[in-house]
Amino acid sequence: MNSFLDLLAVPPTLLALGEPTHGESAFLQIRNEAFASLAERGYRSIALESDRAAGLIADEFVQGSAAVTLDGALAEGFSHGFGAAPANRDLLLWMRDWNTGRPAAERLTFHGFDAPLEIEGAPSPRRYLSQVCDFLGCDRAEEIDGLIGDEARWSDPAAIWEPGRSIGHSADAQRLRVIADDLLTELYLQAPQRPEGWRAAFVQATSAVALLRYHAEAAAPLPQEERFARLAAVRDALMAENLLAIRSAEAHRGPTLVFAHNGHLQRHPGMMTMAGMELSWFSAGAIVGSLLGDHYAVIVGSLGASPALGIEAPAPSTYEGKLQQRTHLPRYVRASDVEPAEQRTHDYRYFPLDQATIEHADAVLHIPTGIDPAMLTDRILALPGAEQLVASEENGSPEGAWGDRFFYVGPDRRQPFATIVEHDVPGFDEASQLGRPGVFRLNLDLGRAEFERRFGFPPKDFEEHRHEFDFARLDTFVPHPGYALYGFGSIIMPGPQTLPEIDRLLTIAHARAVDRHERAARRAADQQG
């Protein structure tokens, strides 16, 4: 892919990279590649569409804390369930590895920039206020607990849609807002005495304030159609406030990459039709862009197809259809170079490109397709003579392997030249963590020469090098954790940008299978003769 920074008129201090939908791993994998490239060029932080307070836990792991495990960072350091995304595991591990042994000025920082809330509800500010009190050494737990009362009256999903169910305008909530404001003032008063941990306490305090603001908005007596737009606007405003705070904290260290849904990063207002009304609000990107000017740049994401999400290929006349006519690989395109086109049909899974999105963006990242096992299977079966065996109960395969795919040339089923597996083998092959949702692994018979060329040692020496590889990392060619001794390599969830190399290695593996089949056929002919 061409360098995306070369497409920007002015080097930004806050570079936004958007995705048009959540759940397509290809965007997160390319995001990881982009951040690795940017880190080499002076970027020192990344901010994701995830709870800012939770992000403190993920950053502890990134900074090398022994108190936070990887599993803990993924479970508690992300909101919206994003910790389950395998690419986010890779991001945290890579950042931690980068930081090892580096001075503070060169270390990378992980941030969330969302408020601690979900679309279907928001919790009470109890935990955030309590953590600030613990930091300041002030005992207000009894007062705070008394005002909050039953947690359920805050987190009630109906409170988001029915003003009368919200606690946000109650005397208790208003008193809590005063307490939160008082704690913020006390934080500043004590900053000279307590620099260690101050920024984390500040994030907790502002998270409490954000929640109380959101609950107050949920209690406003607006018609339901206006209510959604108002709450969406408030959430984006809270995101913008967090992004500006992050940039203030990171300004002396280097630029920041921010990654989120296009709708939060775009410079133009968000739009929605509800009950016959056209509703609009300013996105976080619109707010931040108006304040940072040229220091804010946005690359919006565009997607052709996603087998994982059930999104079919776009019509050629649409923006997405035209973007993928020139290449089947992901690419960055200057927004001004995108040709006029039709807007793709919108549904809940995907927010398509439109004229306003293009006009207000600096560039577009277009990914023609995500990759799943079925797509790779079609690619393999297009090779001459390739045949597939799918493990099942009917063919006597063990239950743990049902659905795994094995590819051969000729009738001999002893050695496949490629396999696609989605299951760990307990006690033998568990290093890839294939039990994670949506995770699969492509395995290829590379042979000794290609194996050694790629990994720098022959297959027989694999055990001496096993510790050098993270077998659970996505989109990275590694020796097969179980069959490296036989010249097999593997890759978990390859990204679309890796397809040319996959095709090259498939050609090698297929040629080896053809050669074995032809040699076996000659031996059989000789024996018959």
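The values are calculated or read from the model by the stated rules, or taken from the named source; none is laboratory data. Computed from a predicted structure; not experimentally measured. FYI the Cβ positions are ideal-geometry reconstructions off the backbone, even for glycines, and counts take in every protein chain you see. Ligands, DNA and RNA are stripped out before the accessible areas are found, and what is left, the full protein with its side chains, is counted by its heavy atoms. Shrake-Rupley method; radii C 1.70, N 1.55, O 1.52, S 1.80 Å.
One table, with the values for the structure above:
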{"read-out": "Whole-percent carbon and sulfur share, accessible surface of the chain, 1.4 Å", "value": "53"}
{"read-out": "Under-5 Å amide H pairs with HIS261, H placed in peptide plane, nonlocal only", "value": "GLU19"}
{"read-out": "Value of relative contact order over segment 148-292, rounded to a whole percent, pairs C-alpha under 8 Å and six or more apart", "value": "22"}
{"read-out": "1.4 Å probe accessible area per residue over the chain, in Å²", "value": "45"}
{"read-out": "Cα centroid separation - segment 91-145 against segment 406-436, whole Å", "value": "41"}
{"read-out": "Extended-chain gain in nm, criterion 0.36 nm per residue less alpha-carbon gap, ALA308 and THR507", "value": "69.1 nm"}
{"read-out": "Longest to shortest principal axis, alpha-carbon extents of segment 301-435, angstrom", "value": "57, 33, 24"}
{"read-out": "Listed residues LYS322, LYS460 arranged by accessible area, highest first, probe 1.4 Å", "value": "LYS460, LYS322"}
{"read-out": "MRE, 222 nm, helices only [DSSP H, n ≥ 4, -39500 (n - 2.57), over the chain, to nearest 500]", "value": "-12500 deg cm²/dmol"}
{"read-out": "Rounded tilt (10° steps) of 499-528 against the dominant C-alpha axis of the chain", "value": "20"}
{"read-out": "Whole-Hz ³J(HN,Hα) from phi, Karplus 6.51 cos²θ - 1.76 cosθ + 1.60, for segment 439-452, glycine and proline x", "value": "8, 9, 9, 9, 10, 9, 7, 7, x, 4, 5, 5, 4, 5"}
{"read-out": "Percentage relative contact order, the chain, counting C-alpha pairs under 8 Å, at least six apart", "value": "15"}
{"read-out": "Kirkwood-based Rg to Rh ratio, the chain, C-alpha trace", "value": "1.03"}
{"read-out": "Listed residues MET375, MET95 arranged by accessible area, highest first, probe 1.4 Å", "value": "MET375, MET95"}
{"read-out": "Largest-first ordering by accessible area, 1.4 Å probe, given options SER37, SER283", "value": "SER37, SER283"}
{"read-out": "For segment 1-67: rounded, prolate or oblate by the Cα gyration tensor [a/c cutoff 1.5]", "value": "prolate"}
{"read-out": "Segment 258-341: mean projected area of Cα convex hull, nm²", "value": "7.5"}
{"read-out": "Rule-of-thumb Rg ratio for segment 151-196 [Cα; 2.2 N^0.38 Å; N residues]", "value": "1.64"}
{"read-out": "Largest to smallest principal axis extent of the C-alpha atoms in segment 398-472, angstrom", "value": "35, 33, 20"}
{"read-out": "Chain lengthening between SER170 and GLN415 when straightened (0.36 nm per residue, less Cα-Cα)", "value": "81.2 nm"}
{"read-out": "Two-site label geometry, ALA66 and ALA104: point separation in nm, points 7 Å out along Cα→Cβ", "value": "2.2"}
{"read-out": "For segment 155-295, Kirkwood radius (reciprocal of mean inverse C-alpha pair distance, Å)", "value": "17.0"}
{"read-out": "Segment 301-357: chymotrypsin sites (Phe, Trp or Tyr not before Pro) in DSSP loop, at most 10 other beta carbons within 10 Å", "value": "TYR348"}
{"read-out": "Sparsely packed chymotrypsin sites (Phe, Trp or Tyr not before Pro) within segment 433-529, loop by DSSP, other Cβ within 10 Å at most 12", "value": "none"}
{"read-out": "Segment 228-328 - percent relative contact order, Cα under 8 Å, separation 6 or more", "value": "22"}
{"read-out": "Cα-based equivalent ellipsoid, segment 1-118: semi-axes from gyration tensor eigenvalues, Å", "value": "22, 18, 13"}
{"read-out": "Relative compactness, segment 99-216, computed as alpha-carbon Rg over 2.2 N^0.38 Å", "value": "1.20"}
{"read-out": "Over segment 127-185: Rg over Rh, Cα atoms, Kirkwood Rh", "value": "1.01"}
{"read-out": "Ratio of the Cα radius of gyration of segment 199-268 to 2.2 N^0.38 Å, where N counts its residues", "value": "1.30"}
{"read-out": "Loop trypsin sites (Lys or Arg not before Pro), segment 30-60, which have at most 11 other Cβ atoms in a 10 Å radius of their Cβ (DSSP)", "value": "ARG41"}
{"read-out": "Solvent accessible area, Å² - MET272, 1.4 Å probe, full protein context", "value": "60"}
{"read-out": "Heavy atoms of LEU184 accessible to a 1.4 Å probe, total area in Å² rounded to 10", "value": "30"}
{"read-out": "Calculated P(r) tail over 13 Å for segment 363-411, as whole % of Cα pairs", "value": "66"}
{"read-out": "Karplus-derived HN-Hα couplings along segment 339-350 (A = 6.51, B = -1.76, C = 1.60, θ = phi - 60°), whole Hz, x at Gly and Pro", "value": "6, x, 7, 7, 8, 5, 4, 8, 9, 5, 7, 8"}
{"read-out": "Heavy atoms of VAL68 accessible to a 1.4 Å probe, total area in Å² rounded to 10", "value": "20"}
